[in-house]
Amino acid sequence: MASLMAMTALGRREPTTVTHGPLTITERTDVALASVAARKGRMADLAQAAQAAGTPLPGPATHQRGTPYSAFWTAPEMWFVEAPFATHELIAEMLKAALGDAASITEQTDAWVAFDLAAPDLSPVLERLCNVDFRHVPDGHATRTMMEHLGVYLIKHGPKEARLYGPRSSAESLLHALETAAHSAL
Amino acid sequence: MIIHHPILGPRDAQEFVYLGDANLIDRPDGMTAGVEVFHEYLYQRTNPAGEHQELWYHEQGDRSWLVITRNTVTHEITKVELARDVARSRGRSK
C-alpha cells in the first residue's frame, strides 16, 4: 500500500504557529471532530446515552469541556464533539458505538481547520472580523458567525483565549484575515 | 434591526436572510388538492400594509428557519417563532 503523508489544512507537514505582536495563532491538528444530531423524536434517548458515555451536550450557544469529549452546540438538537486526535482518530465510529441509533453522527475532522487564538485581549481583533460581542459574551460561549464571508465557529474559552473552526479549504484565507485584522488592531 | 431569536436571543438582522410569506409552510398535497389550490399556493401572495407573517433564515448563525410576525408599515417585530414549531402546530409531521 502506498505510504501517504498527512498534511495540515495549510498544506504543510507540521501545524503552523503565527505570532503577531501579542497575538498568537496556533493551528491545531490534534483535535478529532464529529457532529452529533438527534434523530427525530429521539432527544431523550440521546441525552441518556450521552450521559452514560460521558459526552456533554451543552445548551444553546455554549461549549462544555470534558474528558475525553468536549462539545459545543451548533443548532437545535445538534452538537459538534471534540476529542484528542491521538486517541480518538475514529471519533465518529466511537460515538456511534457509544450513542447508538438515537443520533446521526458525521465525521468532521478533516472538513475544518482549527486555530487557537491567544492574546492579552482578543476583543479588538475579533470585533473587526465578526459581529460577535466577544467582550461581553460569557466564557464558554460558542457560536457560528461569519468572518470574511466564511462561516466559522467561534468558541470563547476566556478573554485571552478562543478557538476558531473554519472551512478547511479556505484555511489560508482565514489565516490571512486573522493576520490582517491583527495587523490593524494590535 | 434586531431579531430576538427564540433560542439565541437578540441577533443583528444582517445575520438573517428573508424568504417571504410564511404561508409557504402550508403546501397543499399536489396530487389531491387540485391545480387551482396549488396555483394559489405557488403564485398568489397577499401584500398587507400591516401585520405579516414571514419566513427568515438564520444564515449566519444556527441556520434555523424562523416565522417572524412583522408590521410591514412600522417594521415592528411582535413575534419570533421557530418555523419547525409553527409547522408542527399546524399539523405537519416533520
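Laboratory data are not the source of any read-out in this text; all were calculated from the coordinates shown. From a predicted model like this one, the values you see are computed outputs, not experimental measurements. Using ideal geometry, Cβ is built from the backbone for each residue, glycine included, and neighbour counts are taken over all protein chains shown.
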Please list, ordered by first then second residue, the pairs with beta carbon atoms under 9 Å, 6 or more apart or interchain, first in segment A:160-181 and in contact (Cβ under 8 Å) with a residue 40 or more places away in the chain and crowded, with 20+ Cβ neighbours inside 10 Å, second assigned to a helix (DSSP H, G or I) and of a type in the set (Lys, Arg).
-> A:Ala181/A:Arg128
Which one of A:Pro124, A:Pro120 is in a helix (DSSP H, G or I) and surrounded by fewer than 20 Cβ atoms within 10 Å (Cβ to Cβ)?
-> A:Pro124
Going by the structure shown, is A:Thr109 among the hydroxyl-bearing types (Ser, Thr, Tyr), in contact with a strand residue (DSSP E or B) (Cβ under 6 Å, 6 or more places away or on another chain) and touching a residue at least 24 places away in the same chain (Cβ under 8 Å)?
-> yes
Quick one: count up the residues across segment A:19-41 that are without any contact (Cβ under 8 Å) to a residue 12 or more places away in the chain and either within 18 Å of A:His183 (Cβ to Cβ) or in contact with a Pro (Cβ under 8 Å, 6 or more places away or on another chain) (or both).
-> 1
Keeping to segment B:7-58, report how many residues are within 15 Å of B:Leu82 (Cα to Cα), in contact with a strand residue (DSSP E or B) (Cβ under 6 Å, 6 or more places away or on another chain), within 14 Å of another protein chain (Cβ to nearest Cβ) and of a type in the set (A, V, I, L, M).
-> 1
Exception for A:Asp139 within (1) more than 16 Å from the chain's Cα centre (by Cα); (2) part of a loop (DSSP other than H, G, I, E, B) falls at (1)
Matching residues in segment A:118-164 (within 14 Å of chain B (Cβ to nearest Cβ) and over 24 Å from A:Leu57 (Cβ atoms)) number 11
Going through (1) in contact (Cβ under 8 Å) with a residue 24 or more places away in the chain; (2) of a type outside the set (Asp, Glu); (3) part of a helix (DSSP H, G or I); (4) surrounded by 18 or more Cβ atoms within 10 Å (Cβ to Cβ) one by one, A:His63 fails only at (3)
Options B:Asp85, B:Asp62; residue that is part of a loop (DSSP other than H, G, I, E, B), of a type outside the set (Gly, Ala, Ser) and either out of contact with any Lys or Arg (no Cβ under 9 Å at 6 or more places or on another chain) or within 30 Å of A:Gly59 (Cα to Cα) (or both) = B:Asp62
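Here's a check for you: in segment A:78-117, which residue that is within 14 Å of chain B (Cβ to nearest Cβ) and crowded, with 18+ Cβ neighbours inside 10 Å is nearest to A:Leu10 (Cα to Cα)? Outline the logic, then answer.
First, pick out the residues of segment A:78-117 that are within 14 Å of chain B (Cβ to nearest Cβ): A:78-80.
Now drop any that are not crowded, with 18+ Cβ neighbours inside 10 Å, which leaves A:79-80.
Working: A:Trp79: 26, A:Phe80: 22 Å.
The qualifying residue nearest to A:Leu10 (Cα to Cα) is A:Phe80.
Just one of B:Arg45, B:Arg27, B:Arg92, B:Arg11 is in contact (Cβ under 8 Å) with a residue 40 or more places away in the chain, assigned to a loop (DSSP other than H, G, I, E, B) and on the phi < 0 side of the Ramachandran plot; which is it? It would help to see each step written out before you state the result.
Details: B:Arg45 fails: in contact (Cβ under 8 Å) with a residue 40 or more places away in the chain; B:Arg27 fails: in contact (Cβ under 8 Å) with a residue 40 or more places away in the chain; B:Arg11 fails: assigned to a loop (DSSP other than H, G, I, E, B).
From the options B:Arg45, B:Arg27, B:Arg92, B:Arg11, the qualifying one is B:Arg92.
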Hey, among B:Ile25, B:Ile68, which residue is among the hydrophobic types (A, V, I, L, M, F, W, C), surrounded by fewer than 17 Cβ atoms within 10 Å (Cβ to Cβ) and within 9 Å of the chain's Cα centre (by Cα)?
-> B:Ile25
Is it the case that segment B:72-94 has a residue that's more than 15 Å from the chain's Cα centre (by Cα), surrounded by 14 or more Cβ atoms within 10 Å (Cβ to Cβ) and within 14 Å of another protein chain (Cβ to nearest Cβ)?
-> no
